[in-house]
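Below: the structure, in structure tokens.
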Amino acid sequence: DGNDGLDVSGLLKRTDYVTLDPGFVNTASCQSDITYIDGDAGVLRYRGYPIEQLAEHSTFAEVSYLLINGELPTAPQLEDFTARINRHTILHEDLKRFFDGFPRDAHPMPVLSSAVSTLSTFYQDSLNPKDAAQVDLSTFRLLAKLPTIAAYAYSKSTGRPMLYPDNSKGLVENFLRMTFGWPAEPYEPDPEMVKALDLLFVLHADHEQNCSTSTVRMVGSSGANLFASVSAGIHALSGPAHGGANSAVLEMLEAIHRGDDDADSFMAKVKDKRDGVRLMGFGHRVYKNYDPRAAIVKKTADRVLARADNPLLDIAKRLEEIALQDDYFVQRKLYPNVDFYTGLIYQAMGFPTRMFTVLFALGRLPGWIAQWREGVTDPAMKINRPRQVYTGAGERSYVPVLER
Ligand code: ACO
């Protein structure tokens, strides 16, 4: 603080002090006004609003506005926001043809990422991320088109026709109609399902500097546009340690249900770290207490799945029960994360396992956009360029190939 008379101004400018922090466990990459997490207390707030209140009272459209603009919208602001999104839901017919080029069994996550990347070629006005009006336009295009792209990725895998969006519907309802609406036109999605999916999107909407969001910000730091940055974020989300966990949880529950293991012998395998098996949907880098989103998802799962007996839900609850009383999990502070129960809800809605991470991406999109916009407009923003600690060979002389 200067009281000790030490002049540190030179030190602050030096770049030869490198901190090694694998996985960025203790390193902040930016300052942000968007999302607050207290991992020890199990607290999550978007722009200051507790996730529990938003989950109970808000909607995905309103939360998207909040994350991107910083304040909850007034009724006319929300109406204008929704109307602007609805103007951009249709995909260019040439872009629709891209879906023909993918193999029918392609995983929908790379399809999603490729289609988002392609938006830069259709909307070349997006290439200047310093132009605020164009950034707004790209924001609305992306919010509007990602659900259409996601529904088409599903249609492609099932061989069904790609339905045009119906802009008289809300975002979630429209997405469900484009996904499941053929051949049952006119299709009316179950209101309970619309409400549950909207809620899951709210819960996924942002989570500060997680792997995919950091990727979006990092790509944006080079001056790349919003589409390129989000496309990279989708790839980051696809990994099983991140968004891919929701489908991995269901595969794990199904394997136990099939009888490959019972709950107790599976947990023994996890604790022995046999074959690197982990209890998927458990543990979190930041939450060392119950993930507040998981608590809400669990209640939703109970409500949505109450209509019929669900043996997978029983297995999930049994695994959680074992974990919460077991020293292995207690000592490592491993609790269910948001993905532990989501897969069961998505399955009950009729989504195949491969679509689960796509649903995560749809929910996370406003967070990626808000974080990207905050990053590129931050006066302190520099191109992200981590350092390394070199551990390779010292200097050595080149030896021609025939002398090696
Ligand atoms: N099952 C069993 N053991 C686990 C689990 C788990 N799910 N997660 C962590 N551990 C153990 C590790 O083996 C390690 O044990 P050790 O101390 O004996 O070496 C200890 O807990 C710490 O684990 P790390 O991997 O160092 O924790 P990190 O913070 O790096 O990882 C992560 C967090 C990736 C989420 C991890 O808990 C995990 O792999 N979970 C399963 C996958 C998952 O659910 N991912 C979704 C994350 S949330 C999201 O993206 C929405």
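One table, with the values for the structure above:
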quantity	calculated
Helices (runs of 4 or more DSSP H) wholly inside the range 118-212 that include at least 1 residues being within 16 Å of the ligand (Cβ to nearest atom), among the hydrophobic types (A, V, I, L, M, F, W, C) and touching a helix residue (DSSP H, G or I) at 6+ places or on another chain (Cβ under 6 Å)	191-204
Evaluation of A393 against (1) small (G, A, S); (2) surrounded by 10 or more Cβ atoms within 10 Å (Cβ to Cβ); (3) in a loop (DSSP other than H, G, I, E, B) (one fails), failing number	(2)
Residues located in the range 102-117, provided they are of a type outside the set (D, E, K, R) and either on the phi > 0 side of the Ramachandran plot or not in a helix (DSSP H, G or I) (or both)	F102, P103, A106, H107
First in the range 276-298 and within 20 Å of L313 (Cβ to Cβ) and among the hydroxyl-bearing types (S, T, Y), second anywhere and part of a loop (DSSP other than H, G, I, E, B) and modelled with pLDDT of 90 or more, Cβ under 9 Å, 6 or more apart	Y290/G42; Y290/Y335
Restricting the range 335-350 to residues that are under 24 Å from V286 (Cα atoms) and aromatic (F, W, Y), the residue that is farthest from the ligand (Cβ to nearest atom)	Y341
Sole residue being basic (K, R), modelled with pLDDT of 90 or more and surrounded by 20 or more Cβ atoms within 10 Å (Cβ to Cβ), chosen from R332, R373, R354	R373
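Yes/no matrix, rows are residues, columns are (1) outside any loop (DSSP other than H, G, I, E, B); (2) in contact with a helix residue (DSSP H, G or I) (Cβ under 9 Å, 6 or more places away or on another chain); (3) of a type in the set (K, R):
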{"site": "P73", "(1), (2), (3)": "no, yes, no"}
{"site": "P76", "(1), (2), (3)": "yes, no, no"}
{"site": "R84", "(1), (2), (3)": "yes, yes, yes"}
{"site": "T89", "(1), (2), (3)": "no, yes, no"}
{"site": "D100", "(1), (2), (3)": "yes, yes, no"}
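Yes/no matrix, rows are residues, columns are (1) buried (at least 24 other Cβ atoms within 10 Å of the Cβ); (2) over 26 Å from V111 (Cβ atoms); (3) not aliphatic (A, V, I, L, M):
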| position | (1), (2), (3) |
| --- | --- |
| K195 | no, yes, yes |
| T215 | no, no, yes |
| M218 | no, no, no |
| H235 | no, no, yes |
| A241 | no, no, no |
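The values are calculated or read from the model by the stated rules, or taken from the named source; none is laboratory data. Not measured: the values here are computed from a predicted model. Positions of Cβ are generated from backbone atoms using ideal geometry, with glycine treated the same way; all protein chains shown enter the neighbour counts.
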